[in-house]
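Chemist: Once you've had a glance at the structure underneath, I'll fire off some questions.
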Amino acid sequence: MGSNHYELVFENWLKDNHIKFTRIDEAKRARLGKASIKSFDYFVYAGSHNVIIADVKGRKFKGTSFEKLTSLQCWVTETDITDIEFWQKIFGDDHHAVFFFVYDVQNVDVDFDGRDVYDFGGKRYLFFCVELDKYKKYMRVRSPKWKTVTLSADDFRAYAVEMKDFFKNENYSG
């Protein structure tokens with residue numbers, strides 16, 4: 001199916017939390033005549049609410065504390081921004097684009113500061129998400145050479161939400 005391990009972790013978290021989703025088949029994108037546009041990873045069905053256009057970003061966390069949410073990599077490419085925005089416009093107002101950051105915790109001894117840890121395949125993960133509109137509003141250039149953008153630590157703290165809280169607060173669970 002082409003899923004990487006971060007997508008499999010995301011998918012299993014959704015299953016464990018009874019949230020409906022559809023994995024996007026990138027091969028079908030070409031049939032829509034949009035082969036040059038980067039695909040997103042999932043539709044996540046929000047019950048009577050918007051459909052989430054989910055783009056999963058896997059990152060390693062090598063730190064020792066999540067207390068202040070510092071040193072969390074939350075970069076995306078400029079293409080990620082423009083292409084997921086394209087899909088959001090194509091699908092319309094009832095679709096909502098969100099970046100889901102899946103952090104693979106590398107150290108054994110980590111202070112999670114009360115955050116939910118998800119165990120999968122013998123590893124530990126944390127999930128945060130940032131809505132596209134908020135990301136775009138506060139992003140800054142990370143690397144002109146690599147055409148990447150990111151959020152400052154302050155903006156990440158202000159706008160990133162733990163995935164469980166995102167779905168709970170928005171009543172997205174199925």
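Every number in this text was worked out from the coordinates using simple rules, so none of it is lab data. Computed from a predicted model, the values in this text were never measured in an experiment. Cβ sites come from the backbone with ideal geometry, for glycine too, and all protein chains shown count toward neighbours.
Chemist: Give me the one-decimal nm value for the distance between modelled label points at Asp25 and Asn12, 7 Å along each residue's Cα-to-Cβ direction.
Modeler: 2.5 nm
Chemist: Run the paramagnetic zone check for Thr77: 7 angstrom along Cα to Cβ, then residues of the range 134-168 with backbone nitrogen under 15 Å.
Modeler: Under 15 Å, as judged by backbone N against the label point of Thr77, lie 142-150 of the range 134-168.
Chemist: Quick one: grab the alpha carbon gyration tensor of the range 96-159, order the square roots of its eigenvalues as a ≥ b ≥ c, and give me rounded if a/c is under 1.5, else prolate or oblate depending on whether a/b is larger than b/c.
Modeler: Numbers: a/c = 2.10, a/b = 1.81, b/c = 1.16.
The shape class here is prolate.
Chemist: Placing unit charges on C-beta atoms (Lys and Arg positive, Asp and Glu negative, everything else neutral), compute the dipole magnitude of the range 5-169 about its Cα centre in debye, rounded to 20.
Modeler: Numbers: 27 positive and 26 negative charges, 108 e Å.
My answer is approximately 520 debye.
Chemist: If you don't mind, another one. Given 37 °C and 0.692 mPa s, compute D for the range 42-134 with the Stokes-Einstein relation, Rh being the Kirkwood radius over Cα pairs; round to the nearest whole µm²/s.
Modeler: D = 225 µm²/s.
Chemist: Continuing with the same structure: Looking at Val117, Tyr159, Ser143, which one has the Cα that reaches farthest to the positive end of the dipole of the range 5-169 (charges on Cβ: Lys, Arg +1; Asp, Glu -1)?
Modeler: About the Cα centre, the residue reaching furthest to the positive side is Ser143.
Chemist: Quick check: residue separation of Glu85 and Ser65 times 0.36 nm, minus the Cα distance between them. What number comes out in nm?
Modeler: Values: separation 20, 0.36 × 20 = 7.20 nm, distance 3.26 nm.
Roughly 3.9 nm would be gained on extension.
Chemist: Once the convex hull of the alpha carbons of the chain is built, what does its volume come to per residue, in cubic angstrom?
Modeler: Details: hull volume 20.9 nm³, N = 174.
Given the Cα convex hull of the chain, per-residue volume reads 120 Å³.
Chemist: In the range 5-169, what percentage of the DSSP-assigned beta bridges are antiparallel, given to the nearest 5? Walk me through the numbers before you get to the answer.
Modeler: Numbers: 24 of 36 bridges.
Antiparallel: roughly 65 percent of the beta bridges in the range 5-169.
Chemist: In the structure shown, do any of Lys62/Lys123; Lys89/Lys136; Lys38/Lys164; Lys137/Lys168; Lys38/Lys168 have a Cα-Cα gap over 18 Å, and if so which? Write down the numbers at each step before the final one.
Modeler: Values: Lys62/Lys123 13 Å; Lys89/Lys136 15 Å; Lys38/Lys164 27 Å; Lys137/Lys168 24 Å; Lys38/Lys168 29 Å.
Beyond 18 Å: Lys38/Lys164; Lys137/Lys168; Lys38/Lys168.
Chemist: Enumerate the aspartates and glutamates that Lys147 could reach by cross-link, defined here as Cα to Cα under 12 Å, with residues fewer than 8 away along the same chain left out.
Modeler: Excluding near neighbours in sequence, the set is Glu78, Asp80.
Chemist: While we're looking at this one, here's another question. Please state the relative contact order of the chain as a whole percent: Cα pairs under 8 Å, 6+ residues apart?
Modeler: Working: 280 pairs, mean separation 40.7, N = 174.
Over the chain, the number comes to 23 percent.
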